[in-house]
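Q: This is the structure I have questions about; it appears just below.
Since every read-out is calculated from the coordinates, none of them should be taken as a lab result. Since the model is a prediction, treat every value here as computed from it, not as a measurement. Glycine gets a Cβ as well: all are built from the backbone with ideal geometry, and neighbour counts include every protein chain shown.
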Amino acid sequence: MNTELKRTLRKLFKNPSAILGFTLLIFFTLVAIFAPLIAPPVNPMFPDENGNPMKLDNPYIMPILSWSSDPVAPSKDHPFGMIAGRDIFYGVVWGTRTAFKIGLIVVSASTLIGLIIGSIAGYFGGWVDEFLMRVTDIFLSIPFLLAAMVLTTILGSGLNKVMIAMVIFGWMATARLIRANILQVKEEQFVLAAKALGIKNFIIIVRHILPNTIFPVLVQATMRLGSLVITAAALSFLGLGAPIGYADWGSMLNYTRNYILGASGQAFTYWYTVFYPGMAMVLFVLAWNLVGDALRDVFDPKLK
Amino acid sequence: MDKKPLLQVRNLKTYFYTEDGIVKAVDGVDFEVYPGETLGIVGESGSGKSVTSLSILRLLDPNGEILEGSEIIFDGKNLMELSEDEMRKIRGNDIAMIFQEPMVALNPVFTVGEQIMEAILLHQDVSKNEARKMAIDMLRKVGIPEPEKRVDEYPHELSGGMRQRAMIAMALSCRPKLLIADEPTTALDVTIQAQILELMRELQKEYGMAIILITHDVGVIAENADRVVVMYGGMVMETADVKELFRETRHPYTWGLLNSIPRLDIEQERLYNIPGIVPDPLHFPPGCRFNTRCEFADERCRKEIPPLYEIKNGHFSRCFYYKKVEEAQKLKKAGESA
Amino acid sequence: MTAYIIRRLLLLPLILFGVTLIIFSFTEILGPEKLLSAYVNPNVFDKLSNEDLDKLIEKYGLNDPMWTRYFKWLGGVLKGDLGWSVTAKEPVAQAIKERIPYTIELALYAMIPVIGVGIWLGVAAAVRRDKFLDHFIRIFAIIGWSLPDFVFGLIVLMIFYSVLGWFPPGTMSGWAEEIVKSPEFKRVTHILSIDALINGRVDIFWDALRHLIGPILTISWLWWAYLLRITRSSMLEVLGKEYVRTARAKGVPEKDVIHKHARKNAMIPVVTVAGAMVIGLLSGTVIVEVIFNRIGMGRFTAQAATQLDYAAVLGSVLFYSSVLIIGNLIIDILYAALDPRIRLG
């Protein structure tokens, strides 16, 4: 096992795209951790009695630094430019935290639900399996974006609602994967042996089956994370997710659209309004996709 | 056998370039095949026997290379010097091949007939209708019942034995001069194995083709081959006429292989196994490749690679101590008859 | 196989029943007052007294148990009545009927480059494994797969509309709209570009196409990337199979080995992925129609959802889910057509 692990790691770090993925991921993690240092959550427009800039109550609400809402080109003070009176650099940095928050919470919650539903269906089989799989079919029959969109508005918009909606409609793939794996593992000798020894069902699932199916789930979760962040951003872009002024890449791009549609012929002068938030999102998603791809290659060489 | 050989392989070296290093799968192999005979190539998996056969048709994976200086002379032409297009005209036409697993060697999305007809249409100037008739005739010839119906069936609709028969029909549809059969019966049931081998012998008689029969099964070799090449670690260990090889074994590896066949004529306490494992082709031992498992090996064997000694006309052994093997065999025979 | 298709077709209404039930039960969260807003003009709504509200809630049966109201809605659906859409200011069924052709037009045109280019590039990359072209195509694919459609749409809009002025947003130009709405213009298929050709108006055809290219580029970009990745890995797997070697040993030219023997097998898993593609293209039309201001089901659904026009939302979900389920069924049939082991098994 140990040499196997070494081989796996060596294989992982020989692959240039995996290295790029991990590097990007580490970079984003550092940006998220050190966001308060990179972009201090203060508003210089409102100094307190000592002349220091005012501290923000909620650092995720981007401070309004100018009353003009037109985009302002990048400068020394605002390296990524400004839009709607807000600093794009600030939004991109704090948006990293938002992206991690959305991605990790939605992926872990929906994976957990999928894990439970899939385990129950796969282990008990029979009518329980039949019922749960038909429910899964039904949930899979509504396009994900549409379902998330509808549920978010019904719940009343906002980032938390987006996350709830995405979890409710995001567990099916994991459930199917786990079920299929369990059906396969169930027939293997060591599980039959455990059953013959009279070990309880629950313990068999937790001790014997889950460890054998966890890697494919992990790979799938990593691969899903990127696309979930995109969907959340799309909902913000449609005006359903993060409120205006929230440090979220999707809602920052929502502003941009109006300028592009409105200002024919000169929109290219506003390139930075798409470029920086867009680039941050692309690289973030790219990082997860590369890592997911690399993990899949390592754990399942067949799929290469 | 003083006829002109149909195929001459000289100093064949096929290396694979992998992430972990160079695999010398075939490292200087020589043999020849005469018209109409069956040459058996025997060895354990990893001995280089399959790579040898693929090298003859130049069908190696992209990371494999036949080294400069190797010669494969077929019917007077050096196949190494042919263009890909000229080579293509030989494959399936002059030299045909059948593989171990008829299940995976036939394309699942085409009917058996389509796959046989493809070979015919590629190499012969006939119409589609004629090709279809020829395909049906071929299927009948290999003993498939109701060939008119089977011709339109997909491989998965046939049984394993039937699939291998279809595979043979496909290989022989252009009447090749040489048929390379790579473990043709390994994946089949014992009774079907015998049928397929019998079929191959009959068709060989009828068509007069030469066969290279590649197998790990010494029993199959004993019954079907005229001459035998024993391979180990990418090299030829011993070559001889089949009867002579069994009667006058001159290489410890062959000796081990023969002793590991179960026998009915004498009582055996337990089956003999060659001790040790096949060496990793990335790290062959210096000297004789068999020295790690050889009971006769000494310092010299661990330093030098032995040459091929010609023991008799047509009998070669790559062992410094082939005489010791001779004595061991004599001792054993004496023990058995006593 | 036929039995399987019939079983699936019988399951279709059952799944649609489940789908609408889920969405319907979610709208329960809203409560009767919010639900009422779907029936009343918003300008009047604010001026209503509490008593009036209660009366209206009673009138529309919004206090009834969910099951009663669901089956009432379902009864309407079976009669072709999907309710009234506040956003479209017309019956939902009518609104959907008007918009479907535009979305179908977009999806169909987008599928052509996706399937053609995606599969072609995937095969090309697999055949040249680890060569320059393969690396180039793979980098292109992974970037494509990571680039959200709305970001790409904005870039397309910026370059091709704002800077170059080639592909404007919207569905058609003003002058074209006047002609299309006039009685002389016959709507045969209701698909704009095709109707334009039927009416012999090449200018309107070009105008429609000009408005379509941006959205097509945006949707297809992501799915090229996806399809080419799947095609490449499937092709690589098949190229390592023994029957490919058998074909080579038969003397089949390399061109035929790849395009006949290998590709037909490689397409089998690709077709299953096409199921995900149908879903993706569908969701993609929502975003793209919003970005490019196009008439269509996607933008209608987005508007209905943001304005809690729940009759329209239910209608849209019904439409999208039907397309999705039928799309998956068609893919299963295609799958069987490609693979004799399934067709005859």
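Q: Straight distance only, please: which lysines reach the Cα of C:LYS72 with their own Cα at less than 27 Å, same-chain residues fewer than 8 apart left out?
A: Qualifying lysines at Cα under 27 Å: C:LYS34, C:LYS55, C:LYS59, C:LYS89, C:LYS97.
Q: In a shell of Cβ-Cβ distance under 14 Å around C:HIS211, excluding C:HIS211 itself, what net charge do Lys and Arg (+1) and Asp and Glu (-1) give? Walk me through the numbers before you get to the answer.
A: Details: positive: C:ARG210, C:ARG294, C:ARG299; negative: C:GLU105, C:GLU177, C:ASP203, C:ASP207, C:GLU289.
Around C:HIS211, the charge tally is -2.
Q: Per-residue HN-Hα couplings for region A:110-121, Karplus 6.51 cos²θ - 1.76 cosθ + 1.60 at θ = phi - 60°, whole Hz, x for Gly and Pro?
A: Along region A:110-121, the couplings run 6, 5, 4, 4, x, 4, 5, 5, x, 5, 4, 4 Hz.
Q: Right, something else. Give the relative contact order (percent, whole number) for chain B; include only Cα pairs under 8 Å separated by 6+ residues.
A: 20 percent
Q: Hey, another quick one. After finding the eigenvalues of the alpha carbon gyration tensor for chain C, what semi-axes result from the square roots of 5 times each, listed largest first in whole Å? Numbers along the way, then the final one.
A: Values: eigenvalues 378, 146, 68 Å².
Each semi-axis is the square root of five times an eigenvalue, giving 43, 27, 18 Å.
Q: Follow-up question, since we're still on this one. Only Cα pairs under 8 Å and at least 6 apart count here; give the relative contact order of region A:137-226 as a rounded whole percent. Write down the numbers at each step before the final one.
A: Numbers: 42 pairs, mean separation 21.3, N = 90.
Across region A:137-226, relative contact order equals 24 percent.
Q: Something else about it: Do any chymotrypsin sites (Phe, Trp or Tyr not before Pro) in region A:62-155 lie in a DSSP loop with no more than 13 other beta carbon atoms within 10 Å, and if so, which?
A: On the way: sites: A:TRP67, A:PHE80, A:PHE89, A:TYR90, A:TRP94, A:PHE100, A:TYR123, A:PHE124, A:TRP127, A:PHE131, A:PHE139, A:PHE144; in loops: A:TRP67, A:PHE80.
Sparse-neighbourhood loop chymotrypsin sites (Phe, Trp or Tyr not before Pro): A:TRP67.
Q: Can you tell me the FRET efficiency between C:GLU254 and A:GLU188 if r is taken as the Cβ-Cβ distance and R0 is 60 Å, rounded to the nearest 0.05?
A: On the way: r = 42 Å, r/R0 = 0.70.
According to the calculation, E is roughly 0.90.
Q: Mind checking Rg over Rh on chain A, alpha carbons, Kirkwood formula for Rh?
A: Rg divided by Rh gives 1.06.
Q: Something else now. Dipole size in debye (nearest 20) for chain B around its Cα centre, Lys and Arg Cβ +1, Asp and Glu Cβ -1? Before the final figure, lay out the partial values.
A: On the way: 42 positive and 54 negative charges, 132 e Å.
The dipole of chain B has a size of about 640 debye.
Q: Among the lysines, which fall within straight-line cross-link reach of B:LYS312, defined as a Cα-Cα distance under 23 Å, with same-chain neighbours fewer than 8 residues apart omitted?
A: B:LYS312 reaches B:LYS3, B:LYS4, B:LYS243, B:LYS323, B:LYS324, B:LYS330, B:LYS332, B:LYS333.
Q: How long is the gain from C:VAL202 to C:VAL163 if the chain were fully straight, where each residue apart is worth 0.36 nm and the alpha carbon distance is subtracted? Intermediate values should be presented prior to the final figure.
A: Details: separation 39, 0.36 × 39 = 14.04 nm, distance 2.60 nm.
Length difference between fully extended and current span is 11.4 nm.
Q: Still on this structure, please answer the following. Which ³J(HN,Hα) values in Hz, rounded to whole numbers, follow from the phi angles of region C:170-176 under the Karplus curve 6.51 cos²θ - 1.76 cosθ + 1.60, where θ = phi - 60° and Gly and Pro get x?
A: x, 9, 7, 6, x, 5, 5
Q: Continuing with the same structure: Note down the Stokes-Einstein diffusion coefficient of region C:257-345 in µm²/s, whole number, using a Kirkwood radius over alpha carbon pairs, 37 °C, and 0.692 mPa s. Can you show the working numbers first?
A: Values: Rh = 15.1 Å.
D, rounded to a whole number, is 218 µm²/s.
Q: Quick one, can you get me the convex hull of the C-alpha atoms of chain B expressed as volume per residue in Å³?
A: Values: hull volume 51.8 nm³, N = 338.
In chain B, the Cα convex hull volume per residue is 153 Å³.
Q: Could I ask something else about it? For B:ALA334, project a label point 7 Å along Cα to C-beta. Then give me every residue of region B:216-249 with its amide nitrogen under 14 Å of that point.
A: Zone members listed by number: none at all.
Q: Over region C:1-139, consider all pairs of different Cα atoms and compute the Kirkwood hydrodynamic radius from their mean reciprocal separation; express it in Å, one decimal. Walk me through the numbers on the way to the answer.
A: Working: mean 1/r = 0.0502 Å⁻¹.
The Cα-based Kirkwood calculation yields 19.9 Å.
Q: Over the Cα atoms of the protein assembly as shown, how large are the radius of gyration and the largest Cα-Cα distance (Dmax), in Å?
A: Using the Cα atoms of the protein assembly as shown, the pair Rg, Dmax is 35.7, 120 Å.
Q: Additional query: At most 10 other Cβ atoms within 10 Å and a DSSP loop assignment: could you name the trypsin sites (Lys or Arg not before Pro) in region A:57-166 that fit? Present the calculation step by step, with values, prior to reporting the outcome.
A: Numbers: sites: A:LYS76, A:ARG86, A:ARG97, A:LYS101, A:ARG134, A:LYS161; in loops: A:LYS76.
Taking region A:57-166 and a limit of 10 other Cβ atoms within 10 Å, the loop trypsin sites (Lys or Arg not before Pro) found are A:LYS76.
Q: Measuring from a point 7 Å past the Cα of A:LYS101 along Cα-to-C-beta, which residues in region A:145-165 have an amide N at less than 13 Å?
A: Flagged as within label range: A:158-164.
Q: Output wanted: per-residue J couplings in Hz (rounded whole) for region A:60-73, from phi through Karplus 6.51 cos²θ - 1.76 cosθ + 1.60, θ = phi - 60°, x for Gly and Pro.
A: Whole-Hz 3J(HN,Hα) from phi for region A:60-73: 7, 8, 5, x, 8, 9, 7, 7, 7, 8, 5, x, 10, 4.
Q: Report relative contact order for region B:76-142 in percent, whole number only (criteria: Cα-Cα under 8 Å, sequence separation at least 6).
A: Numbers: 21 pairs, mean separation 16.3, N = 67.
Relative contact order comes out at 24 percent.
Q: Loop only per DSSP, at most 14 neighbouring Cβ atoms within 10 Å: give me the GluC sites (Glu not before Pro) in region B:226-328, ordered by residue number.
A: Working: sites: B:GLU238, B:GLU244, B:GLU248, B:GLU267, B:GLU269, B:GLU295, B:GLU299, B:GLU304, B:GLU310, B:GLU326, B:GLU327; in loops: B:GLU248, B:GLU267, B:GLU269, B:GLU295, B:GLU304.
Here the GluC sites (Glu not before Pro) that fit, given the DSSP loop and packing criteria, are B:GLU267, B:GLU269, B:GLU295, B:GLU304.
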